[in-house]
Amino acid sequence: MTNTISTDPHARNISSFAVNQNHKTFGKYWAAVEGPRVVSLILIPTIADKDKFNAFRDKSREALSIVGEVVTGEIQERNGVKVLVKRLPRNNNTNPNAKSRIEPTFSIPYYLQ
């Protein structure tokens, strides 16, 4: 038996994994928002133990809910200003209008930057 290397003639579409080079990013956060602004932030950590991560997530979101509505998002620098961009739910709709959804953004006060 011999090993053969198969050459796949179909190019792989990895555009969904492409990094957006237009905005500098600073990580994913849970945030308490009030209207158009961020009130408080907690960095989403990398915790290998699933049970510990779930406990941390639940307590963090509970604490944030005291001061505002809790959203998950990513801090990005846009036009020289840091903003929180709310994570949009996945959309598997093939309709072109569904792909052009507007990302909700929230301003971050200078003392949280």
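Worth pointing out:
- Which numbered condition Val39 fails, given (1) under 13 Å from the mean Cα position of the chain (by Cα); (2) modelled with pLDDT of 95 or more: (1)
- Residue check, Glu69 buried (at least 16 other Cβ atoms within 10 Å of the Cβ), in contact (Cβ under 8 Å) with a residue 12 or more places away in the chain and closer than 21 Å to Thr105 by Cα: no
- Residue check for Lys59: out of contact with any Gly (no Cβ under 9 Å at 6 or more places or on another chain), at pLDDT 95 or above and of a type in the set (Lys, Arg): yes
- Which numbered condition Asn91 fails, given (1) loosely packed, with under 10 Cβ neighbours inside 10 Å; (2) modelled with pLDDT under 90; (3) not charged (D, E, K, R): (1)
- Selection status of Leu84, surrounded by 10 or more Cβ atoms within 10 Å (Cβ to Cβ), at pLDDT below 85 and among the aliphatic types (A, V, I, L, M): no
The values are calculated or read from the model by the stated rules, or taken from the named source; none is laboratory data. None of the values given here were measured: they were computed from a predicted structure. Methodologically, a virtual Cβ is constructed for each residue, glycine included, from the backbone with ideal geometry; neighbour enumeration extends over all protein chains shown.
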